[in-house]
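J.: Below is the structure I would like to discuss, written out as structure tokens.
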Amino acid sequence: MAINVKEINDDAIINVSVNKSFYMMTKALSFYLFQHIGKVKDPDAYLKDILTKKYEELDDLQRSFYTVALLLAQIETQAKNEKKYTEKEVLQPGDEGFVEPTVD
């Protein structure tokens, strides 16, 4: 039996508002996916495929990482355009005053 589904029109541009929590969850997802990419045989070539192959030729992990990266890029572009971001300095290991992060 056929069912009815809703699908966005091909030429539609949808504006979606996100808050910082959603943005941080999306970043966490990108790091999670990136960790799995690090476990493949040749991570560098695997990542380069994302930029050189057609979307349909990528595997599930590559497509997922690419999609999340595009979503983050769009969120960050919008935040910059709307001046809704704060720039801050983050100390690196070896910097004076650096404290190793911990999980509470």
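J.: For every helix of n ≥ 4 consecutive DSSP H residues, a contribution of -39,500 (n - 2.57) applies; sum these over the chain, divide by its total residues, and give [θ] at 222 nm rounded to the nearest 500 deg cm²/dmol.
T.: Result for the chain: -16000 deg cm²/dmol, rounded to the nearest 500.
J.: Follow-up. Find how many whole Å separate the alpha carbon centroid of the stretch 1-76 from the alpha carbon centroid of the stretch 83-103.
T.: Their Cα centres are 27 Å away from one another.
J.: Additional query: Read phi for every residue in the stretch 6-23 and hand back ³J(HN,Hα) as whole Hz from Karplus 6.51 cos²θ - 1.76 cosθ + 1.60, θ = phi - 60°, with x for Gly and Pro.
T.: 9, 9, 5, 4, 4, 9, 6, 10, 10, 8, 10, 8, 10, 9, 4, 4, 5, 4
J.: Cross-link candidates for residue 39: which lysines have Cα within less than 17 Å, leaving aside residues fewer than 8 places away along the same chain?
T.: Answer for residue 39, where 17 Å is the Cα cut-off: 48, listed by chain and number.
J.: Among (1) 139; (2) 167; (3) 231, which one is volume of the Cα convex hull per residue in Å³ computed from these coordinates?
T.: (3)
J.: Starting at the first residue of the stretch 94-101, write each ³J(HN,Hα) from the Karplus equation 6.51 cos²θ - 1.76 cosθ + 1.60 with θ = phi - 60°, in whole Hz, x for Gly and Pro.
T.: x, 6, 4, x, 5, 10, 4, x
J.: Taking R0 as 25 Å, what FRET efficiency do you get between residue 5 and residue 32 from their Cβ-Cβ distance, rounded to the nearest 0.05?
T.: The value I calculate is 0.30.
J.: Among 59, 49, 11, determine the one that fluctuates most according to a GNM of the chain built with springs between C-alpha atoms less than 10 Å apart.
T.: 11
Computed from the coordinates by the stated procedures, all read-outs in this text should not be read as laboratory data. In this text, all values refer to a predicted model and were calculated from it rather than measured experimentally. Methodologically, a virtual Cβ is constructed for each residue, glycine included, from the backbone with ideal geometry; neighbour enumeration extends over all protein chains shown.
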